[in-house]
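The values are calculated or read from the model by the stated rules, or taken from the named source; none is laboratory data. Since we're looking at a predicted model, the values are computed, not measured. Every residue, glycine as well, gets a Cβ built from its backbone with ideal geometry; the counts of neighbours run over all protein chains shown.
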Amino acid sequence: MKWPVEGVIGQFAIHGAYLESRPYGSGHINDTFVAAFSHAGTRVRYIFQRVNERIFQQAENLMENIQRVTEAAAAKLASEGVIDSTRRALRLIPAKNGRPFARDAEGRLWRCYLFIEGARTYDIIQNPRQAFQAARAFGEFQKLAAGLEGPRLHETIPNFHNTRARFNRLQEVVGSDPKGRLAEVGAEWDFIRSREGLVDLLLDLQASGAIPERVTHNDTKLNNVMIDDASGEGICVIDLDTVMPGLALYDFGDMVRTATSPALEDEPNTSKVCMQMPMFEELVRGYLSTAKEFLVEGEIDHLPFSGKLITLEIGIRFLTDYLEGDIYFKTKHASHNLDRCRTQLALVRSIEEQEAAMAALVRELAR
Ligand code: ADP
Ligand code: GN1
Ligand code: MG
């Protein structure tokens, strides 16, 4: 058996002959594989994912969320008469026993999706139009999620974007310094500590009722939206593990973090990192094109701030993981999490330098 996915493929309801598989994508949490099958001579591909149950401790609840969200998306597309609906929403392939996942011989949880052909994800933004398309798609996704019927979704990771909790956790780890790495990160910790005042702002607005809880995606990285190769359209939002109650601003903030800089998230040369205004402008335009109808004033006012906050938050998380010995995010080399932290902090700085102009732009576009 070449890849672990081969041990579980037979459990899914796929009517074809297995051809081959390989690892796929650049996610930091789950293990993703693409597998090809022959369906009476036509090659059809599927995505298989082994869910990280150290991080998602209630993975069956998570799969229940995903099943509900993908079924709601499919129903909406069907009601609109959309022909290529299986390219516009993730489609789960059930296991032969009818469940939306299967467990392998080691008891590990796998799921399977139809592979969306003729589209791809990008780790770096290519042009402003892509920013518009990604933001439009995530806004559309939030609209869909708002219409979800039934009970509140499971919180797949409690306090996921609770920036106060993220800050406090870092402070604790700085205090215990379990791997003796603190001496290397003095500048980064100073940078973060001097911005502690930011971490409560959205939580306070939420507590005061100025901004509402919604069902949000919570991981709106640019590479979690598929862009159509032919049309350039943002056709499908993917990576639904963290779809749960949250703030719309967390989603917008992560778009700013991942779709405005010309550098990779782990770029070692931080002088390449910057918030590019044309990308931000198209993010705002794209997001408002779908989300303006439901956003409240407190949300629109904090769109620029959310980019700064979420970038700081992910910087905090990368630094925490570095100090803890790289136990959360997948890493490829010893300073990987530290490099990632540094790019986040460089981006925070770049946003700070342009925050007034970003706010003026949002006011103009939201008018
Ligand atoms: P992770 O949680 O590890 O980021 P993702 O669900 O984002 O995992 O998947 C990783 C990559 O696999 C994505 O960036 C995308 O390129 C690709 N991918 C995921 N689902 C599909 C799909 N249904 N069709 C085609 N490609 C997909
Ligand atoms: C992780 O799974 P992936 O790679 O899309 C992480 C996000 C971070 C991101 C940073 C469940 O996302 O929260 O923003 O890495 N997902 C989880 O790149 O922690
Ligand atoms: Mg992903």
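Matching residues to (1) within 16 Å of ligand 3 (Cβ to nearest atom); (2) of a type outside the set (S, T, N, Q); (3) farther than 19 Å from Ile238 by Cβ:
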| residue | (1), (2), (3) |
| --- | --- |
| Ala13 | no, yes, yes |
| Arg22 | no, yes, no |
| Gly25 | yes, yes, no |
| Ile29 | yes, yes, no |
| Phe37 | no, yes, yes |
| Gly41 | no, yes, yes |
| Val69 | yes, yes, no |
| Ala73 | no, yes, no |
| Ser79 | no, no, yes |
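Can you tell me which residue is surrounded by the most Cβ atoms within 10 Å (Cβ to Cβ) among those in region 293-341 that are part of a loop (DSSP other than H, G, I, E, B) and out of contact with any helix residue (DSSP H, G or I) (no Cβ under 7 Å at 6 or more places or on another chain)?
Ser335
Of the residues Asn61, Asn52, Asn162, only one is modelled with pLDDT of 95 or more and assigned by TED's automatic domain parsing to the domain that holds Gly253; which?
Of Asn61, Asn52, Asn162, the one residue that is modelled with pLDDT of 95 or more and assigned by TED's automatic domain parsing to the domain that holds Gly253 is Asn162.
Within region 209-231, which residues are in contact (Cβ under 8 Å) with a residue 60 or more places away in the chain, more than 16 Å from ligand 1 (Cβ to nearest atom) and closer than 19 Å to Arg88 by Cβ?
Correct list: Val215 only.
From Ala73, Ala59, grab the single residue that is away from ligand 2 (no atom under 16 Å from the Cβ), among the small types (Gly, Ala, Ser) and buried (at least 16 other Cβ atoms within 10 Å of the Cβ).
One residue alone meets the criteria, Ala73.
Six or more apart or on different chains, Cβ under 8 Å: which pairs go from a residue in region 42-71 that's more than 13 Å from Arg111 (Cα to Cα) to one that's of a type in the set (Gly, Ala, Ser) and surrounded by fewer than 18 Cβ atoms within 10 Å (Cβ to Cβ)? Could you list them?
So the pair list comes out as Arg43/Ala36; Val44/Gly16; Val44/Ala36; Val44/Ser38; Arg45/Ala36; Arg68/Gly150.
Within region 244-251, is there a residue that is assigned to a loop (DSSP other than H, G, I, E, B) and within 12 Å of ligand 1 (Cβ to nearest atom)?
Looking through region 244-251, none of the residues is assigned to a loop (DSSP other than H, G, I, E, B) and within 12 Å of ligand 1 (Cβ to nearest atom).
Quick one: what pairs do we get from region 151-179, first residue in a helix (DSSP H, G or I), second crowded, with 17+ Cβ neighbours inside 10 Å and basic (Lys, Arg), C-beta under 8 Å, 6+ apart or different chains?
Arg166/Arg317
Got a sec? Which of Thr331, Thr260, Thr290 is closer than 16 Å to Lys221 by Cβ and hydroxyl-bearing (Ser, Thr, Tyr)?
Just one listed residue meets the conditions, Thr260.
Could you tell me whether Asp254 is acidic (Asp, Glu), surrounded by 18 or more Cβ atoms within 10 Å (Cβ to Cβ), at pLDDT 95 or above and under 15 Å from the mean Cα position of the chain (by Cα)?
When the stated conditions are applied, Asp254 passes them.
Hey, can you tell me all the residues within region 96-112 that are under 18 Å from Asp31 (Cα atoms) and either free of Cβ contacts under 8 Å to residues at least 60 places away in the same chain or surrounded by fewer than 19 Cβ atoms within 10 Å (Cβ to Cβ) (or both)?
Hits for region 96-112 are Pro100, Phe101, Arg103, Asp104, Ala105, Glu106, Gly107, Arg108, Leu109.
Name the residue that is farthest from ligand 3 (Cβ to nearest atom), counting only residues in region 198-222 that are surrounded by fewer than 21 Cβ atoms within 10 Å (Cβ to Cβ) and part of a helix (DSSP H, G or I).
Across region 198-222, the extreme among qualifying residues is Ser208.
Just for strands (runs of 3 or more DSSP E) wholly inside region 28-130: which have at least 2 residues that are more than 14 Å from ligand 1 (Cβ to nearest atom) and either under 21 Å from Val225 (Cβ atoms) or not hydrophobic (A, V, I, L, M, F, W, C) (or both)?
Of the strands (runs of 3 or more DSSP E) lying wholly inside region 28-130, those with at least 2 residues that are more than 14 Å from ligand 1 (Cβ to nearest atom) and either under 21 Å from Val225 (Cβ atoms) or not hydrophobic (A, V, I, L, M, F, W, C) (or both) span 31-39, 42-50.
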